[in-house]
Structures are given as structure tokens and as C-alpha cells.
Amino acid sequence: MASSSCCASASLLVSVFLAITTLALGGNFYEDFDNLFGDVRVDIKDEGQSMTLTMDEYSGSGIVSKNEYLFGRFDMQIKLVPGNSAGTVTAFYLSSQGDNHDEIDIEFLGNLTGDPYLLSTNIYADGVGGREMQYYLWFDPTEDFHTYSIDWNPNRIVILVDDIPIRVMLNRESIGVPFPTSRPMRLYTTLWNGDSWATRWGAVKLDLSNSPFVAGFRHFNSNACIANDQDGAAGCKGFNGGKSTGLSEEKKNEMQRVLSKWVVYDYCQDLRRYAHGLPYECRRENLLDQIE
């Protein structure tokens with residue numbers, strides 16, 4: 001009797017949850033996105049399963065999700081612009097609107113032929129950013145597709161490359177550190193000219209003789225909560241809150257290897273920028289030890 005009562009309660013909870021939320025499962029470029037800019041430079045193929053974005057002398061290109069999400073996991077396979085990609089920025093990110101916006105960034109900063117891309121991450125919460133971490137990759141991201149992921153729930157954000165976590169940010173709102181928990185965000189994928197800052201802080205400019213620049217995308221996948229008009233953010237508050245809140249020992253070890261070898265810049269180690277004291281979250285104990 002106890003077992004059957006437990007199962008009935010669990011089923012009721014699932015039914016109630018589904019009644020107040022709309023889940024986005026799977027993914028399709030035709031069905032899930034609108035053209036943001038670039039017109040025909042956005043080329044969706046294979047019945048919505050793959051896409052290229054192009055930048056030429058006139059414009060870059062990009063798409064934006066039709067829905068707003070509050071929590072979920074978003075995966076995209078990306079093949080970056082090959083050759084001399086200096087000045088280009090290929091981005092895969094979540095962002096809300098307004099002055100005090102939230103944002104979770106994965107940006108690829110192009111470089112001169114033979115020099116590695118920089119994978120740059122940043123997290124904004126309540127309009128506060130400045131949380132950059134940048135990495136070199138342990139493979140050539142222009143030779144083949146690799147999977148880049150944002151996994152976001154009320155407890156933490158994990159950024160992954162080929163399912164290897166490279167960054168974790170925990171929710172520390174209880175001690176005054178802003179964290180994106182209330183503003184629904186749309187998903188963006190863009191290719192654009194960022195040569196004012198992207199390559200060697202703007203010292204190397206875009207060489208249009210190499211255009212058009214083309215990046216490939218495929219197999220977009222999401223398991224996310226749609227913040228619909230009726231329920232808004234309220235219907236997503238518990239989404240993914242009780243699972244995937246931490247990393248396994250194996251994943252912790254994988255992340256530690258990345259942090260020990262591939263980090264180029266970490267705002268938590270920038271003593272020149274924060275000469276009067278590091279941000280509070282940077283002064284906590286070792287991040288990996290805090291993840292259950």
C-alpha cells in the first residue's frame with residue numbers, strides 16, 4: 001500500500017508540474033527559431049536539422065528562439081569559421097531583455113590562421129557581468145563539429161564542451177551574489193564582426209579578402225521550460241531543480257583537468273582588475289568542493 005501510494009503521489013506531482021509548464025524537447029531550426037539578422041545569410045537545411053551562418057562585407061547573420069526559457073539544457077554542435085577568422089565572433093548564448101538583463105554567453109573569438117580560437121564565457125545576472133573566463137580548446141574547432149552546452153537550473157549553471165564541464169557557477173543569491181533565476185531568456189546563435197575587441201583586444205582586424213566567413217551548426221537540442229504568457233516565470237520555478245545539481249567525481253576530475261591546463265583568463269584571478277578585493281564568489285572555498 002505504501003508503495004502504491006508513493007507512486008500515485010509522484011504521478012500527481014508530475015501531472016501538476018506538466019499542467020503549469022510547457023517543455024521544449026528536441027530541437028529544429030525551422031520550428032524553434034526566427035531570423036534575427038542577415039536575411040539569406042541564414043541557411044537552414046536538412047529539414048531543420050542543420051544550418052550555416054555567413055558573414056560577408058555587408059552583414060553577419062543570426063537567429064533567435066521563438067520561445068523564452070527559464071531553466072534547461074541547450075546543446076548545439078558547431079563547426080567554426082576556418083582559416084583566418086580574426087575579428088569574427090561566433091556566439092551561442094541566452095539573454096533576457098532590459099537594462100538589468102541576465103545572460104549566459106559562449107563566444108568563440110576568431111584568430112589569425114594557425115593561432116587558436118578563444119572560447120570566451122561570461123555570465124550576467126541582474127545587469128551585473130564582468131565574470132569572464134576564457135579557454136583554449138584541446139582540439140581544432142574548425143575541422144569538425146563539437147557539442148557546446150549550457151545547462152541552467154535554479155541551483156547552478158554548467159557550461160560544457162563535448163559533455164566535459166569547463167565552468168560551473170553556483171547560485172549564491174542567499175549571500176548577495178546575483179544569479180539568473182527570474183528573467184526568462186531567449187536563445188541566440190550569431191556570427192558577426194567583433195574586430196573592435198575580439199582578436200588581441202582589437203589589434204587584429206577583420207580581413208574581408210577572406211570573406212565570406214561561414215560557420216556550421218547542427219543537431220540543436222533542448223530540454224527546457226518555456227516561460228509562456230499564461231504562467232510566465234512562475235511555471236518554471238521548479239524545473240530541473242531537484243536533479244543534475246552537481247557533478248559526479250568523474251566530471252569533477254574532467255573539469256579540474258581543463259581548469260589546470262586550458263584556462264587563458266579567469267576574472268577570479270585578475271588581481272590587477274580587482275586590486276581592492278576579488279568579487280565575493282571568488283573568495284569562497286574551492287568551487288569543485290562545493291558541488292554535491
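Report yes if some residue within region 14-34 is modelled with pLDDT of 95 or more, of a type outside the set (Phe, Trp, Tyr) and on the phi > 0 side of the Ramachandran plot; otherwise report no. Checked region 14-34: no residue is modelled with pLDDT of 95 or more, of a type outside the set (Phe, Trp, Tyr) and on the phi > 0 side of the Ramachandran plot.
Considering PRO212, PRO178, PRO184, PRO165, the condition of being touching a residue at least 24 places away in the same chain (Cβ under 8 Å), over 30 Å from ASP46 (Cα atoms) and not hydroxyl-bearing (Ser, Thr, Tyr) is satisfied by PRO178 alone. Output yes when any residue across region 130-147 is within 27 Å of PHE239 (Cβ to Cβ), charged (D, E, K, R) and out of contact with any helix residue (DSSP H, G or I) (no Cβ under 8 Å at 6 or more places or on another chain), and no when none is. No - not one qualifying residue is present in region 130-147. Residues in region 61-90 that are within 18 Å of the chain's Cα centre (by Cα) and hydrophobic (A, V, I, L, M, F, W, C): ILE63, VAL64, LEU70, PHE71, PHE74, MET76, ILE78, LEU80, VAL89.
Within region 122-144, the set of residues being surrounded by fewer than 17 Cβ atoms within 10 Å (Cβ to Cβ) and aromatic (Phe, Trp, Tyr) comprises TYR136, TRP138, PHE139.
Could you list, in sequence order, the residues of region 50-65 that are over 24 Å from ASP144 (Cβ atoms) and hydrophobic (A, V, I, L, M, F, W, C)? Once the filter is applied, which keeps residues that are over 24 Å from ASP144 (Cβ atoms) and hydrophobic (A, V, I, L, M, F, W, C), region 50-65 yields only VAL64.
Looking only at residues of region 33-53 that are assigned to a helix (DSSP H, G or I) and either free of Cβ contacts under 8 Å to residues at least 12 places away in the same chain or under 22 Å from the mean Cα position of the chain (by Cα) (or both), we find that the one that is farthest from TYR93 (Cα to Cα) is VAL40.
Residues considered: VAL177, VAL128. Of these, the only one that is of a type in the set (A, V, I, L, M) and more than 19 Å from the chain's Cα centre (by Cα) is VAL177. Where residues in region 199-238 are outside any strand (DSSP E or B) and crowded, with 18+ Cβ neighbours inside 10 Å, which of them is modelled with the highest pLDDT? Result: LEU206. From the list TYR93, TYR58, the one residue that fits, being more than 13 Å from the chain's Cα centre (by Cα) and either more than 22 Å from ASP32 (Cβ to Cβ) or in a strand (DSSP E or B) (or both), is TYR58.
Here ARG257 meets the list (1) out of contact with any Pro (no Cβ under 9 Å at 6 or more places or on another chain); (2) at pLDDT 95 or above; (3) part of a strand (DSSP E or B) almost entirely, failing just condition (3). Spot the failing condition for THR54; the list is (1) under 26 Å from ILE157 (Cβ atoms); (2) surrounded by 15 or more Cβ atoms within 10 Å (Cβ to Cβ), and only one is missed. Tallying (1) under 26 Å from ILE157 (Cβ atoms); (2) surrounded by 15 or more Cβ atoms within 10 Å (Cβ to Cβ), THR54 fails exactly one: (1).
Here is the figure for region 103-133: residues that are aliphatic (A, V, I, L, M) and either assigned to a loop (DSSP other than H, G, I, E, B) or farther than 15 Å from THR189 by Cα (or both) total 6. The condition of being at pLDDT below 95, over 18 Å from ARG218 (Cα atoms), within 14 Å of the chain's Cα centre (by Cα) and of a type in the set (Lys, Arg) holds for only one of ARG172, ARG156, that being ARG156.
The values are calculated or read from the model by the stated rules, or taken from the named source; none is laboratory data. Since the structure is predicted, the reported quantities are computational estimates derived from the model, not experimental observations. Cβ: placed from backbone, ideal geometry, glycine included. Neighbour counts: every protein chain shown.
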